[in-house]
Every structure is written in C-alpha cells, then in structure tokens.
Amino acid sequence: MTIQWFPGHMTRARREIEAKLKLIDIAIELLDARVPLSSRNPMVDDILKGKPRLILLNKTDLADTRTTEKWMAYFAGLGYTSLAIDASTGTRVNEIPVKVKQLLHEKIERQLAKGITPRAVRGLIVGIPNVGKSTLINRLAGRAIAATGDRPGVTKGQQWIKVGTEMELLDTPGILWPKFEDQLVGMKLAMTGAIREQVLNIEDVAFFAVKELSKRYWDTMSERFNLTTEPPKDLDDADEVVRVMEDIGRKRGCLVSGGRVDLEKASGIILRELRAGNLGRITLESPEDMM
Ligand code: GDP
C-alpha cells in the first residue's frame, strides 16, 4: 500500500520512531541498493540522532554489484558501517548480528568490565515504505512476523524477536517517509516500484526509465528488447526518448490500428521487466553523481 505523506503523517511517524529509539541500542537503516539516496529519508540523521547505526543496502540482487561496492565505500567515508544484503533470499542476512555486535563492542566491553552480564542487544529496523523492512524482519525471525502495512500509526502490540542468542529486534519497523518533494526522487522510486503507478502516470515513469537506461545501460536495454534504433543523441530531446520507447513497443507487438505504437502498453512492459530484474542488475545512482 502506498501512502500519501502529509505533515501529520510525518509528525506521527517521527514520534513513533522516537518512542522506539528509547527501547533500542542500535538503529538498522534499510536502503534500496538501486537508489541508495532516493530511498533515504531526508531527515534520518536528525531523527536517529546519536544512536549507533548499521546501514543495510537491500535488494542487491537487482543492483549493479560494482556500484553497490562504491556505495559501501561512500558510507564508510561518512563513518558508517554498511552491509549489502538481499532480504528476499537471505544473502548475507546472517552477518547482521555480527556487525551489530561489532558496532556495540565498546558498550558490551564496558558492561563486562563492570561485572554486568550484557543482555541481548536490541535493534530497530527503519526505512521508507517498500524498501524491504517486513521481508527482512521475517527473514531474521525465521518465520512470518511483520504485517506489510506501511502506514504510520498502524502499530500492533510490539514484541521482541530473538535473532540468535545475542540480538533482539522490535517486530514493528520504524516507517520513514521518502524525499517525495523532489520530482526526480519520485520518478526513481516509481521506476524501482516503491511508489505505485496510480500515483504517477505510467508513461511518464517509463519515459524517465528509458531516458535513464539510455544514459547508463544502453547496451543492456538494446539487447533485451532487440532494438534497431540508435541511442538518443540528446537525452533532453523528448522525441528521441519516445523514439526508443516506440521501438521497444514495436519489438513487443504493442501496436494499435494504423501501425501506431501503444505507448501505455509498452510502458507497462518496460517497467515490469525492469523491476523484475529482467534487464539485468541496474543501479540508478552512484556516489560519483554527487561530485
Ligand atoms: P516494507 O514496506 O519496507 O516492509 O517492504 P516489504 O518487506 O513489504 O518489501 C517490499 C517488496 O520488496 C516486496 O515485494 C518484497 O518481496 C520485495 N523485496 C524485499 N527485499 C527484497 C530483496 O532483497 N530483493 C528483491 N528482489 N526483492 C525484495
């Protein structure tokens, strides 16, 4: 379910997370490895304040491996430990408790020095809707726990889930809002499937997707759809991008009377295949873009 974030929702979401922060030792911030910046809440540093934090790049099965490594180096440069995972199959998910313990090492040592037996470390998963929070909670719990309701305010009675012997996790994640006021961010989130098409026009999203793919992954796209057209010479020329969309439509038989291409149908195919990973591993943001 995609929610509309109004100021009231944002305030409520923030309060809910702040109440949960009081109960935990570490925040686990989940990002989409294909769009690590666009899938990040704009106020996350302010909201999490000084809490120890582990950053997880999720959906790495769909992301460009080399760019994921660059992102990990980028976050390391900012002083954060990060881990690249795939919550749907569980790849590297078992390293989460290890990293968490490493990050809380000093606190644990201090307790041991005082003769206190440290209790299990307590964590909270936070992230924007659709980034994979529930999938990860279920994976860590080893069973189905989290309801995939992504609305702030819809919290059931909270419980701790045991993850091995030394870690516990709140069964309800902290839901943060995306940086939706930035149109480019909205398009990228729609392209990856985090925002449903009902919110944005499907042809607009596919247009944006083809433009981005032409820029970064022309060969992959051209091969997948057997394109005969040339790559756009000027990506700011809308006609050039539409020419590519039409070629895709023709190759997939999306034709209407008079031999015209049904752009809406073609758009659906482009987005479906892209999101399913049929076009290969695609990352839409690289740390170099920020330089
Ligand atoms: P939440 O809103 O943050 O709780 O997100 P969900 O856990 O409901 O996941 C949103 C969608 O992403 C679901 O369709 C999941 O199956 C999918 N998903 C979650 N993690 C991964 C992953 O690592 N790889 C892939 N390919 N899909 C994932």
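Just so it is clear, none of the values below were taken in a lab; they were calculated from the coordinates. Keep in mind it's a predicted model, so treat the numbers as computed, not measured. Cβ atoms come from the backbone with ideal geometry, glycine included; neighbour counts cover every protein chain shown.
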Those residues of segment 21-39 which are closer than 21 Å to Leu103 by Cα and within 15 Å of the ligand (Cβ to nearest atom) amount to Ala27, Ile28, Glu29, Leu30, Leu31
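Would you be able to say whether some residue in segment 13-29 is under 25 Å from Ala276 (Cα atoms), assigned to a helix (DSSP H, G or I) and not basic (Lys, Arg)?
Going through segment 13-29, the residues under 25 Å from Ala276 (Cα atoms) turn out to be 29.
Then keep just the ones that are assigned to a helix (DSSP H, G or I); that gives none.
Looking through segment 13-29, none of the residues is under 25 Å from Ala276 (Cα atoms), assigned to a helix (DSSP H, G or I) and not basic (Lys, Arg).
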When only residues in segment 99-137 that are more than 15 Å from the ligand (Cβ to nearest atom) and of a type in the set (Lys, Arg) count, which is nearest to Val185 (Cα to Cα)? Lys99
Going through Arg272, Arg224, Arg250 one at a time, which residue ends up being without any contact (Cβ under 8 Å) to a residue 12 or more places away in the chain and within 28 Å of Asp61 (Cβ to Cβ)? Arg272
